[in-house]
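Here's a structure for you.
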Amino acid sequence: MTFRSRVITATVAAASIAVILACFASFLTTRSALLHAVDESLIQASHSPQKGRGGTDDTAVYGSYYELVLPNGQTLPTSKVPIDHAILAVATGHGEQLLRTVQFGGQSYRELIIGLPKNSVVSCPTGLCVIKTTSAQLFIVDVTGQVTELRNLVRTLLFVAAGGLLLALSLGLFLARAALHPLEEVTNEIETVAETNDMGYRLDEGEADELGRLRRVFNRLLSTVESSQNLQRQLVVDASHELRTPLTSLRTNAQVLSRARELNPDDLRQLTNDMVTQVDELAALVTDLGELARGERSEGAIESLRLDECVDECVDTARTYARIKDITIVASVEPSTVLGRRDRLVRAVSNLLTNAVKFTPSGGRIVVASSAGTISVSDSGPGINDQDLPFVFDRFWRSPSARALPGSGLGLSIVAQVVSELHGTVKVDRDPELGGARFTISLPIAPGE
């Protein structure tokens, strides 16, 4: 079923229910009013002393009528009114007062049956009579006209209900077309975007209603997709640029290696070492590109992590490389717990330590501190110039002084990505004591910490 059909069905159903309920309520109200008036007249007649009226002819039961019913079914005066078990039950003292509608002789009547105890004094043709047994007074009035009017009302209400349903169907078709027209326009615009793949297209946001909200949300989605596409294109362009240099160098060295017989052993050894270094750089670049492309869809479940244990693990690994340059790493770690993925968090901290080892001169110092979800890595290197601070976490960015050093320029970008994934922050400034760069990561503390 289409959305248009559901709207029409809902509209017709709601209108139908309203019309049916209104007709039903009108019928009940009219019926209650008519019968209430008749019942009031019967009750009022029962409170008024009167003589019996009637006879043996057929006209005896028309209009208001009063008679006395004895336990044996005999009536005073006699009439054509049927005496059934309900009337006899009241006459014999086993039933309660009864008000009902009966039909006989092709007519409809309203009956009021009131029980009388023994020795009751009632009016009779000869005056006052004493009834030695229990009996029942029967008051009856012809309601054929009222019943006929109610039947006519039912027929009228049926026609009204049918007309209401047809009107509801017509209004449902009209309203569905009018209400869904703006939605069709939005759908057509979205289909245009899907066919042209134009992520720069924006919908007219319109008014501050549900459709306006839909347009604004879709525009934000287009902005997000466009930004993602631009980042992907930029990543491909930057990656191709970074790959071109080592690949060109490898090609040149491979061409030289084809004349290996003409090279002396020292040159051949140097050439081989250069090629191995270039291959390592390519492998590191491919790994970093994969890490960036994976983004927030990294594998592994988010869990509570001991931040101090992760930092200790990274520091132990970094000291292995720091010994080559005689660099001292001082760690001050306090226990704390954060939420995240262990592999991603270790990668971010390792990148900071690797970066610090790279830029710290021989004999220098690196200070690592961690407490309450915060990690800081400071070094005694040259630091980062103020004009370079806005670009530190950009992909493939390297300062002029670092372009001669090995690296892809992606390490700090991965750090920023991991911290963003963990809903934390990272900033860089100059350490007041060591004089070099200081990177500080702040992560949310795990609940219950």
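The values are calculated or read from the model by the stated rules, or taken from the named source; none is laboratory data. None of these values were measured; they are calculated from a predicted model. With ideal geometry, Cβ positions are generated from the backbone for all residues, glycine too; neighbour counts draw on all protein chains shown.
Examine the range 383-395 for a residue that is closer than 22 Å to Gly363 by Cα and at pLDDT 75 or above, and state whether such a residue exists.
yes
Which condition from (1) among the charged types (D, E, K, R); (2) farther than 30 Å from Ala372 by Cβ; (3) at pLDDT below 80; (4) surrounded by fewer than 16 Cβ atoms within 10 Å (Cβ to Cβ) is the one that Glu296 breaks?
(2)
What tally of residues in the range 362-375 results from selecting those that are under 21 Å from Arg323 (Cα atoms) and either touching a Phe, Trp or Tyr at 6+ places or on another chain (Cβ under 8 Å) or surrounded by 17 or more Cβ atoms within 10 Å (Cβ to Cβ) (or both)?
The qualifying residues number 6.
Filter the range 341-391 for residues that are of a type in the set (Asp, Glu) and part of a helix (DSSP H, G or I) and give the result.
Asp343, Asp386, Asp388 - these are the residues of the range 341-391 that are of a type in the set (Asp, Glu) and part of a helix (DSSP H, G or I).
Residue-wise test of (1) assigned to a strand (DSSP E or B); (2) touching a helix residue (DSSP H, G or I) at 6+ places or on another chain (Cβ under 8 Å); (3) modelled with pLDDT of 85 or more; (4) not assigned by TED's automatic domain parsing to the domain that holds Thr30.
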position	(1), (2), (3), (4)
Lys118	no, no, yes, no
Val122	yes, no, no, no
Cys129	yes, no, no, no
Phe139	yes, yes, yes, no
Arg155	no, no, yes, yes
Phe159	no, no, yes, yes
Ala162	no, no, yes, yes
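Quickly run through the range 82-103 and pick out the residues that are at pLDDT 85 or above and either exposed (fewer than 15 other Cβ atoms within 10 Å of the Cβ) or farther than 16 Å from Thr134 by Cβ (or both).
Of everything in the range 82-103, those that are at pLDDT 85 or above and either exposed (fewer than 15 other Cβ atoms within 10 Å of the Cβ) or farther than 16 Å from Thr134 by Cβ (or both) turn out to be Pro82, Asp84, His85, His94, Gln97, Leu99, Arg100, Thr101, Val102, Gln103.
Across the range 19-42, which residue is farthest from the chain's Cα centre (by Cα) among those that are buried (at least 16 other Cβ atoms within 10 Å of the Cβ) and more than 16 Å from Phe139 (Cβ to Cβ)?
Leu34
Taking the stated definitions as given, is Asn273 surrounded by 13 or more Cβ atoms within 10 Å (Cβ to Cβ), at pLDDT 75 or above and outside the structural domain of Leu352 (by TED's automatic domain parsing)?
Against the criterion (surrounded by 13 or more Cβ atoms within 10 Å (Cβ to Cβ), at pLDDT 75 or above and outside the structural domain of Leu352 (by TED's automatic domain parsing)), Asn273 does not qualify.
Please work out which residue is surrounded by the most Cβ atoms within 10 Å (Cβ to Cβ), limiting yourself to the range 1-12 and to residues that are in a helix (DSSP H, G or I) and out of contact with any Gly (no Cβ under 9 Å at 6 or more places or on another chain).
Arg4
Also: For the range 57-75, give me the residue count where each residue is at pLDDT 80 or above and on the phi < 0 side of the Ramachandran plot.
Matching residues across the range 57-75 total 8.
Could you list all residues from the range 163-181 that are surrounded by 12 or more Cβ atoms within 10 Å (Cβ to Cβ), within 24 Å of Gly206 (Cβ to Cβ) and hydrophobic (A, V, I, L, M, F, W, C)?
Hits for the range 163-181 are Phe174, Leu175, Ala176, Ala179, Leu180.
Which condition from (1) outside any loop (DSSP other than H, G, I, E, B); (2) assigned by TED's automatic domain parsing to the domain that holds Glu96; (3) surrounded by 15 or more Cβ atoms within 10 Å (Cβ to Cβ) is the one that Val193 breaks?
The single condition Val193 does not satisfy is (2).
Residues of the range 3-36 being in contact (Cβ under 8 Å) with a residue 12 or more places away in the chain and among the basic types (Lys, Arg), which ones?
Of everything in the range 3-36, those that are in contact (Cβ under 8 Å) with a residue 12 or more places away in the chain and among the basic types (Lys, Arg) turn out to be Arg4, Arg31.
If a residue has to be touching a Lys or Arg at 6+ places or on another chain (Cβ under 6 Å) and crowded, with 21+ Cβ neighbours inside 10 Å to count, how many in the range 306-358 make the cut?
Of the residues in that region, 1 qualify.
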